[in-house]
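Asks: Quick one: the structure is below, questions incoming.
The values are calculated or read from the model by the stated rules, or taken from the named source; none is laboratory data. Owing to the predicted nature of the structure, the values given are computational and were not obtained by experimental measurement. Cβ placement follows ideal geometry from the backbone for every residue including glycine, while neighbour counts extend to all protein chains displayed. Remember, those area values only see protein heavy atoms, side chains included, never the ligands or the DNA or RNA. Shrake-Rupley method; radii C 1.70, N 1.55, O 1.52, S 1.80 Å.
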Amino acid sequence: YCQENDIPILTHCADSNETVSDYGKRASPDFWERAVSAAEFPKLTVCLGHYGGLNSLEASDGWAHKIGRLCNDPDNNVYADISHYGAILEPEKREATMENLERLFEAYHNAINRIVFGTDWIMLARIKKHKEFLKVFRDAFEQRFGSDNCRKFMGENAARFLGLESGRKTRLRLDEYYQRKEIEPPGWTTLIDGQ
């Protein structure tokens, strides 16, 4: 149903929040790799939340690298977000994260076109300096990867993942809804359409 109707799936993908020992492993990217590689789901669109846990960036066989490989593959529609990552507010961890992301993007060039900024705001709100999260993350990403890639990270990739571009099924459903309800289309529509 999701594939046929161009409905994107956002899923938790970090070894965390388990209620029973080892239940966090149920969120493994290995399971999503099987789903998006299956012959019956060639156009399934998925965003793997938390990028596998950015602490896994350091290990070449960690979840973040498995996700980077999935995002790099042009034959599938896998994206990954970075959200609820309060460590970015700590200068040393921020620098290490940017260095690790740089290595990830060097190994998987297309992954930078599939990375999505996120907050997981209800979880992030528990962190003392959460109001600085957006600015700190945006500035660090832009400084390391440039303004074009930062623009992708902060919105363009998400718009593509969500199917908000003109002509996509999700966008057509939204446009039809606005028209039927006689609602002025929101400003993001002209931003995405490049007008």
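Asks: Restricting to the range 24-44, count the residues that are assigned to a helix (DSSP H, G or I) and in contact with a helix residue (DSSP H, G or I) (Cβ under 8 Å, 6 or more places away or on another chain).
Replies: Qualifying residue count for the region: 5.
Asks: Go through the range 156-195 residue by residue and tally those that are basic (Lys, Arg), part of a helix (DSSP H, G or I) and open to solvent by 70 Å² or more (accessible area, probe 1.4 Å).
Replies: 4
Asks: Working only within the range 57-70, note down all residues that are at pLDDT 95 or above and within 16 Å of residue 141 (Cβ to Cβ).
Replies: Listed by number, the residues that qualify are 64, 68.
Asks: Restricting the search to the range 1-23, which residues are outside any loop (DSSP other than H, G, I, E, B) and either in contact with a helix residue (DSSP H, G or I) (Cβ under 8 Å, 6 or more places away or on another chain) or not β-branched (Val, Ile, Thr) (or both)?
Replies: Once the filter is applied, which keeps residues that are outside any loop (DSSP other than H, G, I, E, B) and either in contact with a helix residue (DSSP H, G or I) (Cβ under 8 Å, 6 or more places away or on another chain) or not β-branched (Val, Ile, Thr) (or both), the range 1-23 yields 10, 11, 12, 13, 14, 23.
Asks: Is at least one residue of the range 32-42 closer than 22 Å to residue 170 by Cβ and open to solvent by less than 10 Å² (accessible area, probe 1.4 Å)?
Replies: no
Asks: Between 58, 102, 92, 4, which is free of Cβ contacts under 8 Å to residues at least 40 places away in the same chain, within 30 Å of residue 147 (Cβ to Cβ) and out of contact with any strand residue (DSSP E or B) (no Cβ under 7 Å at 6 or more places or on another chain)?
Replies: Exactly one residue qualifies, and that residue is 92.
Asks: Would you check if there is a residue in the range 64-82 being of a type in the set (A, V, I, L, M, F, W, C), out of contact with any strand residue (DSSP E or B) (no Cβ under 9 Å at 6 or more places or on another chain) and either within 30 Å of residue 42 (Cβ to Cβ) or without any contact (Cβ under 8 Å) to a residue 60 or more places away in the chain (or both)?
Replies: So far as the range 64-82 goes, no, none of its residues is of a type in the set (A, V, I, L, M, F, W, C), out of contact with any strand residue (DSSP E or B) (no Cβ under 9 Å at 6 or more places or on another chain) and either within 30 Å of residue 42 (Cβ to Cβ) or without any contact (Cβ under 8 Å) to a residue 60 or more places away in the chain (or both).
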